[in-house]
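Following: one structure in structure tokens, then a few remarks.
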Amino acid sequence: MPIGAPGSLLGTLSELIRLTFVFFCGSAFYLFRDRISYTRRGALIAALMLLPLMFSPPLAEPAFAAFGGYLIFWFTFAVRPAPVSLALNRADPSYGLYLYAFPVQNLLVLHVPGLSPWSNSTVALIVAGFLGVLSWYAVERPALRQQELVRRVCRRAATALLPAARPTQA
């Protein structure tokens with residue numbers, strides 16, 4: 001049942017209800033953050049509840065919002081970082097991974113017909129991950145190191161061009 005005109009930002013009534021429920025689940029996790037304890041036992045119960053409900057189409061999304069939300073926060077707040085996470089403290093390939101994943105996946109679809117989605121995702125993750133690390137060391141980190149230099153140059157240019165930007169002398 002449409003609730004807005006075609007192309008409306010609100011979409012259909014069912015989409016509005018679904019997304020509102022997911023939003024309120026996230027809001028509840030935030031509002032009760034001081035009362036929710038993230039434990040292994042809680043994660044096990046959430047996983048055991050979530051698994052069978054994921055096979056029930058009408059219950060999968062609400063179950064993922066509630067139980068999956070608990071699992072996501074448990075992984076975030078209670079699980080110790082893996083060695084890979086600790087290694088990534090020195091390099092941040094996330095933006096490069098985000099940037100290169102889509103083109104790599106499309107090139108795989110174009111040049112390797114018949115590749116399954118799982119295989120495409122796996123190969124794309126490896127290739128885009130490598131490109132992301134390369135991008136971090138070749139582009140992003142050097143650019144971040146130049147950030148203070150750029151700020152100083154901009155400050156000097158601003159004080160030279162704008163008399164009001166010059167510091168007053170006492």
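The values are calculated or read from the model by the stated rules, or taken from the named source; none is laboratory data. Bear in mind the structure is a predicted one, so any value in this text is a computation, not a measurement. Ideal geometry is used to build each Cβ from the backbone, glycine not excepted, and the neighbour counts take in all protein chains shown. Accessible surface is based on the protein model in full, side chains and every heavy atom, while ligands, DNA and RNA are left aside. Shrake-Rupley method; radii C 1.70, N 1.55, O 1.52, S 1.80 Å.
Kindly establish whether residue 27 is open to solvent by 50 Å² or more (accessible area, probe 1.4 Å) and at negative phi. No: the conditions fail for residue 27. Residues in segment 39-62 that are over 25 Å from residue 19 (Cβ atoms) and either open to solvent by less than 50 Å² (accessible area, probe 1.4 Å) or touching a residue at least 24 places away in the same chain (Cβ under 8 Å) (or both): 39, 40, 42, 43. Taking (1) β-branched (Val, Ile, Thr); (2) at pLDDT 85 or above; (3) part of a loop (DSSP other than H, G, I, E, B) in turn, residue 122 satisfies each apart from (3).
Against the test of being under 30 Å from residue 80 (Cβ atoms) and either in contact (Cβ under 8 Å) with a residue 12 or more places away in the chain or among the aromatic types (Phe, Trp, Tyr) (or both), the options 66, 28 yield a single qualifying residue, 66. Residues considered: 26, 4. Of these, the only one that is of a type outside the set (A, V, I, L, M), touching a Leu at 6+ places or on another chain (Cβ under 6 Å) and at pLDDT below 95 is 4.
Of all residues in segment 42-95, those being of a type in the set (A, V, I, L, M, F, W, C), within 25 Å of residue 30 (Cα to Cα) and assigned to a loop (DSSP other than H, G, I, E, B) number 3.
Could you count how many residues in segment 89-148 are β-branched (Val, Ile, Thr) and open to solvent by 80 Å² or more (accessible area, probe 1.4 Å)? Before you say what the answer is, go through the steps one by one.
Taking segment 89-148 as the starting set, the residues that turn out to be β-branched (Val, Ile, Thr) are 104, 109, 112, 122-123, 126-127, 133, 139.
Checking which are open to solvent by 80 Å² or more (accessible area, probe 1.4 Å) leaves us with 109, 126, 139.
Here the count works out to 3.
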